[in-house]
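Read through the structure below, which is laid out as structure tokens, and then see the notes.
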Amino acid sequence: MAPPAQSHRSSSPSQPSGKGEVSDLKSQLRQLAGSRAPGVDDSKRDLFKKVISYMTIGIDVSAVFGEMVMCSATSDIVLKKMCYLYVGNYAKVNPDLALLTINFLQRDCKDADPMIRGLALRSLCSLRVANLVEYLVGPLGSGLKDNSSYVRIVAVMGVLKLYHISASTCVDADFPQTLKHLMLNDSDTQVVANCLTALQEIWSAEASTSEEASREREALLSKPVVFYFLNRIREFSEWAQCLVLDLAAKYVPSDNNEIFDIMNLLEDRLQHANGAVVLATIKLFLQLTLSMADVHQQVYERIKAPLLTLVSSGSPEQSYAVLSHLHLLVMRAPYIFSSDYKHFYCQYNEPSYVKKLKLEMLTAVANESNTYEIVTELCEYAANVDIPIARESIRAVGKIALQQYDVNAIVDRLLQFLEMEKDYVTAEALVLVKDLLRKYPQWSQDCIAVVGNISSKNVQEPKAKAALIWMLGEYSQEMHDAPYILESLIENWDEEHSAEVRLHLLTAVMKCFFKRPPETQKALGAALAAGLADFHQDVHDRALFYYRVLQHNVSVAERVVNPPKQAVSVFADTQSSEIKDRIFDEFNSLSVVYQKPSYMFTDKEHRGPFEFSDELGNLSIGAESAVGTVVPAHRVEANDKDLLLSTSEKEEIKGPSNNGSAYSAPSYDGSAVSAASQALSELTILNPSVPGLTPQSSLAIDDLLGLGLPEIPSPAAAPSPPLLKLNSKAILDPGTFQQKWRQLPISLSQEYSVSPQGVAALTTSEALLRHMQGHSIHCIASGGQSPNFKFFFFAQKAEELSTFLVECIINTSSAKAQIKIKADDQSASQEFSALFQSALSKFGVP
Amino acid sequence: MISQFFVLSQRGDNIVFRDYRGEIQKGSTEIFFRKVKFWKEDGQEEAPPVFNLDGVNYFHVKVVGLFFVATTRVNVSPSLVLELLQRIARVIKDYLGILNEESLRKNFVLVYELLDEVIDFGYVQTTSTEMLKSYVFNEPIVVEDARLQYSALFMQGTKRMPGTAVTKSVVANDPTGRRREEIFVDLIEKISITFSSSGYILTSEIDGTIQMKSYLTGNPEIRLALNDDLTIGRGGRSVFDYRSSSGTGAVILDDCNFHESVHLDSFETDKTLSLVPPDGEFTVMNYRLTQEFKPPFRVNTLIEETGALKAEVMIKVRAEFSSSITANTIMVQMPLPKYTTRASFELEPGAIGQTTNFKEANRRLEWGLKKIVGGSEHTLRAKLTFSPESHGNITKESGPVSMTFTIPMYNASRLQVKYLQIAKKSGTYNPYRWVRYVTQANSYVARI
């Protein structure tokens, strides 16, 4: 625990930089060490202060360790405390010298003054030197029996420190049992609270290896223990109250009467000035009432006022922590807060992280009765000097429009934004108008009239430009200039840096082409040529795809780009409800502030009170545990939910990512197609100089573009036999898997069919696990029940440490397997996919 | 559970550093400081009070320009840690009298004494100034605070408060050798209000707090009586329903919370709080009300285009409180359109103690007034010049006007401490009692 290295950045003039001073101190300390002269303690104090001040600013003063210890023979308590602080700081890096201190610390542990006993014991336990633990057991044992509560308080924490230095020494000395006895019998509440703290830490750590510890941990949550604490809660300090409330939140009451007893007992805790106590109480109330919908709702009503009071009292930092929790509750039950919307108005001097939360809350609580006022308020922010917030506000207006039935007034407001002639306002508003049109096509006339007036030159932001281009393509019939605007955009293809914009441009010009062929043919040719030459893979691929589909069949091409559209009814939520539930379970923790469940930002050992035995979205971990053990019923339920969620989400996401074209039964207007084919044949005539290469009708387009296309392997060709060799004894721990899964992008996402034999064999997930293992593909987690199964597999290359990760969802009723592959070496993922598919296809085949 | 606690100066120097669990790598203070300093490249956004970097959670609160920071790897309750940091700052202030960089540097050994007892192995032990007294052996080295802002807050005309009293340490000995028996009760209210462009009140809220600082020996019990007609909670009605109490004069709090030591046994019957005040400064009660109240200031703003690239702004501020009361340190601010190049100001004739400024960097007009006496009205005229580049609607792109101010001995809510009773030890025991009021602007905004 050495202090951080000295910063050379900006040390103030009084801060010395190093060695000379330290050796000076050393000699001065040495002089004083043996002295018995009067006033020597004052000189020592000054020197010690200097040492500590160097230590604080990061200068390494460990060189004076010996001298400090020599000077420690004193009865002056101020000197003693400074010496303890010093020793605690440097003992770990100087274990040999630390031994020197044991003597005087042990002696002090027997001092007549309880203060000295306590301080010495604390320092002794803070040395953190493993080979000194033998000296701790004795003093700790007597400390726990000391008649001064101060010493006992220190001793209990000392036991926990000892456990962290040497768990076996701690357990062998039977300290946990001593603490348990103290916890239930000591008269001092801080001793009791520290016992609870220490035992929770110790038994949680021990529980994985010792059944007894696991039982003891359970016992902490038993009714007698929990009520012992709850009944005395008022005697505890406010901080210890939080501890008790956390404990109670994990307790499962046996019946509703017990729930009401607890809630009545703790009702006044909601009026506490300490926000931590109030939030811990709220968490407990929310947890207790989860299964009683009506009471749960009453709890929401009850906690509203205290939360709002906490938000507006205290420092901005504290109020932010509370506001984050209020935000979570508002997002869960917006209707309960809809009459409190004015509390979510932004104040001009609030930091942007607060404003962002408030904007989201305003969006969530908007309903028929308050929308007008909320939108009016949001429009005020759109002209805000804080541009990021102005943008968020406009987006909020858009979101409200998308969740309302009566959007009349809002559409007007949005269109007014477009007329404000501020670049960022226009940009945001364009994106919104696009989304709005996807949901409410009936507004197209009003919107198009305004959008048509916007010069594409004034729109620079990629998202906004893409939105404008999408509208140009989608409404090319109504917007007279559409083909010409698109054409001019295509002329500047090379200056367009955003691939997203170029992709949209390709699609828009295709759409436009089918609606107004003669005017667009030139632009289409130019766009496809530019797209094929594009260095960006996606742009290139899309251009090639359009090119080929036109080549193949023009009417098919039209069905692809201009299918009849259905309005989007619900836009996909960015966060799955599973994640939201997980965050709610972790109420009153950092998860709420970060808006992420703890497994996303904390390693397992530090997850604190929210330990989940499962890691990957409620799936049981490890092939071993999946094989042969019965998955608890509630977990299976969660799995089902998880599976259903992930599939339905996929469908929702599909919509937006495909320019909102919700695909339904294809039907198309023949006349448009014929016009298009005609235009195509005209194109041929325009380019007579290029010699025909293929006899088909598609020849025309080939020629038109005049491109020497490279030979492209036929997609129909059978996949070549996999050359990839996998390591049959691959090892990966769940933590690494999870970390990799988060970090790597999806390199391949596919859907396979599962053979009927495979479906028949897949009665339990274990069967498939064993089968895949035979192909060197190992399972790390699995779950689900017929017909939905979900698996996480991994595999490693035989020659190198390169890992493949697979998420595989199998639906046996549709006989389909959806897989997502992530790989260290992405170039090999295609090959691995083939191997995976072939392994899967052999499943169930004798 | 926290792992480290440290205090950094504005420049990022360690003033105090304590590692409780030794599980976070070296250099966390620098990592923290760099992240906070350069949160967003444009420097516009402030770092939030809690963030996670490489698995380490950093919590910070800013107190008198210093960073009070805690780190941990555990998924703890953010409220608990932030509350704790704030409390540590307060405890240190109780002991040092004045909390600033200088006093911390001079007294760091005392601060370490406190930190050793406040937290052990990352867990909070006690934050009670009183309990900590028996563990602190260093004498505080008192520093002078040249500004004495805190006590100036409450000064109203000639009614002078003992300015040094609130900045004295709970353990320091008075130079005269005797301790003055006294107790301070402060009602501090913060007003948030938004006026629409037509002067109609869109939202209003008062966030109040009753602070107490006791220097009484022997911890006598205290009874604090509030308004007889005080009620708490607005029933099932929406909190922004103004019909309720206007005219009746009753004070209706939306909600409130209390310090641990407060007993509410007789609150229902006679609106009295009884408590045994602990040493040091603490919050007796926080309250919040959205009940209609008379705003202390009315602001009118007019913008007129006076030429192709010119406009004139007129801001009028009227003080709507009694003439026996004076507001001080008033600042009126108004963002101007981005294309404003110049602003010239014209104050009313005979104006004293007023300053004007055009902040070119962020195009903001600033008008400072030292004092405003109740009932008076002040006007500022500003002539603006715009750059020739295209510009839109001037009114839409300026404003809103915001105000900050302090009004001593005034409170908008009409909540009062009717009396402060100290349980008597003897007939001659009669400590000084100071009950003080102050109102400040939190967010005082008038749209145009």
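Quick check on region A:197-212: of everything there that is out of contact with any Ser or Thr (no Cβ under 8 Å at 6 or more places or on another chain) and among the hydrophobic types (A, V, I, L, M, F, W, C), which residue is most open to solvent (accessible area, probe 1.4 Å)?
A:ALA205
Find the strands (runs of 3 or more DSSP E) located wholly in region B:175-235 whose residues include 1 or more that are modelled with pLDDT of 90 or more, within 26 Å of B:THR272 (Cβ to Cβ) and open to solvent by 30 Å² or more (accessible area, probe 1.4 Å), and list them.
The qualifying strands (runs of 3 or more DSSP E) are B:182-195, B:222-226.
Please state which of the following conditions B:LEU347 fails to meet, knowing it meets all the rest: (1) among the hydrophobic types (A, V, I, L, M, F, W, C); (2) surrounded by fewer than 16 Cβ atoms within 10 Å (Cβ to Cβ); (3) modelled with pLDDT of 90 or more.
Unmet for B:LEU347, out of (1) among the hydrophobic types (A, V, I, L, M, F, W, C); (2) surrounded by fewer than 16 Cβ atoms within 10 Å (Cβ to Cβ); (3) modelled with pLDDT of 90 or more: (2).
Modelled with pLDDT of 95 or more, among the β-branched types (Val, Ile, Thr), under 33 Å from the mean Cα position of the chain (by Cα) and part of a helix (DSSP H, G or I) - does that describe any residue in region A:177-193?
No, there is no match, as no residue in region A:177-193 is modelled with pLDDT of 95 or more, among the β-branched types (Val, Ile, Thr), under 33 Å from the mean Cα position of the chain (by Cα) and part of a helix (DSSP H, G or I).
If B:ASN442 meets every condition in (1) crowded, with 16+ Cβ neighbours inside 10 Å; (2) assigned by TED's automatic domain parsing to the domain that holds B:VAL313; (3) at negative phi apart from one, which number is that one?
(2)
Can you report the number of residues in region A:249-291 which are β-branched (Val, Ile, Thr), part of a helix (DSSP H, G or I) and more than 12 Å from chain B (Cβ to nearest Cβ)?
Number satisfying all stated conditions: 2.
Under the condition of being within 10 Å of chain A (Cβ to nearest Cβ) and under 25 Å from A:MET115 (Cβ atoms), which residue from region B:69-105 is nearest to the chain's Cα centre (by Cα)?
Among residues in region B:69-105 that are within 10 Å of chain A (Cβ to nearest Cβ) and under 25 Å from A:MET115 (Cβ atoms), the one nearest to the chain's Cα centre (by Cα) is B:ARG87.
Within region B:302-322, count every residue that is in contact with a Gly (Cβ under 9 Å, 6 or more places away or on another chain) and of a type in the set (Val, Ile, Thr).
Residues in region B:302-322 being in contact with a Gly (Cβ under 9 Å, 6 or more places away or on another chain) and of a type in the set (Val, Ile, Thr): 1 in total.
Scanning for something in contact with a Leu (Cβ under 8 Å, 6 or more places away or on another chain), at pLDDT below 95 and not in a strand (DSSP E or B), does region B:353-362 turn up at least one residue?
yes
Could you tell me whether A:ALA817 is open to solvent by less than 10 Å² (accessible area, probe 1.4 Å) and under 21 Å from A:GLY735 (Cα atoms)?
In short, no.
Would you check which residues across region A:514-535 are part of a helix (DSSP H, G or I) and hydrophobic (A, V, I, L, M, F, W, C) and list them?
Listed by number, the residues that qualify are A:PHE514, A:ALA523, A:LEU524, A:ALA526, A:ALA527, A:LEU528, A:ALA529, A:ALA530, A:LEU532.
Can you say whether A:LEU329 is more than 9 Å from chain B (Cβ to nearest Cβ) and in a helix (DSSP H, G or I), as far as the supplied structure shows?
yes
Suppose we keep only residues that are out of contact with any Leu (no Cβ under 9 Å at 6 or more places or on another chain) and more than 14 Å from chain B (Cβ to nearest Cβ) within region A:32-62. Which one would you say is surrounded by the most Cβ atoms within 10 Å (Cβ to Cβ)?
From region A:32-62, those out of contact with any Leu (no Cβ under 9 Å at 6 or more places or on another chain) are A:33-39, A:42, A:46, A:49, A:53, A:56-60; that's our starting set.
Narrowing further to those that are more than 14 Å from chain B (Cβ to nearest Cβ): A:33-39.
On the way: A:ALA33: 17, A:GLY34: 11, A:SER35: 13, A:ARG36: 5, A:ALA37: 9, A:PRO38: 7, A:GLY39: 8.
Taking the candidates together, the pick is A:ALA33.
List pairs: first in region B:291-304 and free of Cβ contacts under 8 Å to residues at least 40 places away in the same chain, second open to solvent by less than 30 Å² (accessible area, probe 1.4 Å), Cβ under 7 Å, 6+ apart or cross-chain?
That search, which allows pairs on different chains as well, returns B:GLU304/B:ALA311.
What about A:THR602, is it open to solvent by less than 20 Å² (accessible area, probe 1.4 Å), hydroxyl-bearing (Ser, Thr, Tyr) and at pLDDT below 90? It would help to see each step written out before you state the result.
Numbers: open to solvent by less than 20 Å² (accessible area, probe 1.4 Å): yes; hydroxyl-bearing (Ser, Thr, Tyr): yes; at pLDDT below 90: yes.
Yes: the conditions hold for A:THR602.
Any residue at all in region A:443-464 that's touching a Cys at 6+ places or on another chain (Cβ under 7 Å) and part of a helix (DSSP H, G or I)?
no
So how many residues does region A:494-520 have that are in contact (Cβ under 8 Å) with a residue 60 or more places away in the chain, closer than 17 Å to A:PRO564 by Cα and open to solvent by less than 20 Å² (accessible area, probe 1.4 Å)?
Going through region A:494-520 one residue at a time, the tally reaches 3.
Take B:ALA441 and tell me if it is among the small types (Gly, Ala, Ser), touching a residue at least 24 places away in the same chain (Cβ under 8 Å) and outside any loop (DSSP other than H, G, I, E, B).
The answer is yes for B:ALA441.
I'd like to verify a number: residues in region A:332-355 that are open to solvent by less than 30 Å² (accessible area, probe 1.4 Å), within 7 Å of another protein chain (Cβ to nearest Cβ) and either within 26 Å of the chain's Cα centre (by Cα) or within 16 Å of B:SER77 (Cβ to Cβ) (or both), how many?
The number of residues fulfilling the criteria is 2.
Looking only at residues that are of a type outside the set (Gly, Ala, Ser) and open to solvent by 20 Å² or more (accessible area, probe 1.4 Å) in region B:117-135, which one is nearest to A:LYS161 (Cα to Cα)?
Looking at the filtered set, the residue picked out is B:TYR123.
Residue-by-condition table, conditions (1) away from chain A (no Cβ under 14 Å); (2) closer than 21 Å to B:ARG298 by Cβ; (3) surrounded by 19 or more Cβ atoms within 10 Å (Cβ to Cβ):
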residue	(1), (2), (3)
B:ILE372	yes, yes, yes
B:THR379	yes, yes, no
B:LYS383	yes, no, no
B:GLU389	no, no, no
B:TYR410	yes, yes, yes
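Among (1) over 24 Å from B:LEU253 (Cβ atoms); (2) in a helix (DSSP H, G or I); (3) more than 10 Å from every other protein chain (Cβ to nearest Cβ), there is one condition A:SER369 misses while meeting the rest; what is its number?
So A:SER369 meets the others, but not (2).
Which condition number in (1) at negative phi; (2) at pLDDT below 85 is the one that A:GLY39 fails?
Checking A:GLY39 against (1) at negative phi; (2) at pLDDT below 85, the one that fails is (1).
Which condition number in (1) of a type outside the set (A, V, I, L, M, F, W, C); (2) open to solvent by less than 10 Å² (accessible area, probe 1.4 Å); (3) under 21 Å from B:SER28 (Cβ atoms) is the one that B:ASN107 fails?
Going through the list (1) of a type outside the set (A, V, I, L, M, F, W, C); (2) open to solvent by less than 10 Å² (accessible area, probe 1.4 Å); (3) under 21 Å from B:SER28 (Cβ atoms), B:ASN107 breaks only (3).
Considering every residue within region B:14-21, establish whether at least one is within 23 Å of A:TYR320 (Cα to Cα) and open to solvent by 10 Å² or more (accessible area, probe 1.4 Å).
Looking for residues that are within 23 Å of A:TYR320 (Cα to Cα) and open to solvent by 10 Å² or more (accessible area, probe 1.4 Å), one finds none in region B:14-21, hence no.
Restricting the search to region B:1-14, which residues are facing another protein chain (nearest Cβ under 9 Å) and either in a loop (DSSP other than H, G, I, E, B) or on the phi > 0 side of the Ramachandran plot (or both)?
Correct list: B:MET1, B:SER9, B:ARG11, B:GLY12, B:ASP13.
Can you name the number of the only condition in (1) within 16 Å of A:PHE832 (Cβ to Cβ); (2) at pLDDT below 75; (3) not basic (Lys, Arg) that A:SER698 fails?
Here A:SER698 clears every test but (1).
The values are calculated or read from the model by the stated rules, or taken from the named source; none is laboratory data. Bear in mind that the values here come from a model prediction, so they are computed numbers and not experimental data. Because the Cβ atoms are built from the backbone with ideal geometry, glycine has one as well, and the counts that use them run over all protein chains shown. Heavy atoms of the whole protein, side chains included, go into the accessibility calculation; ligands, DNA and RNA do not. Shrake-Rupley method; radii C 1.70, N 1.55, O 1.52, S 1.80 Å.
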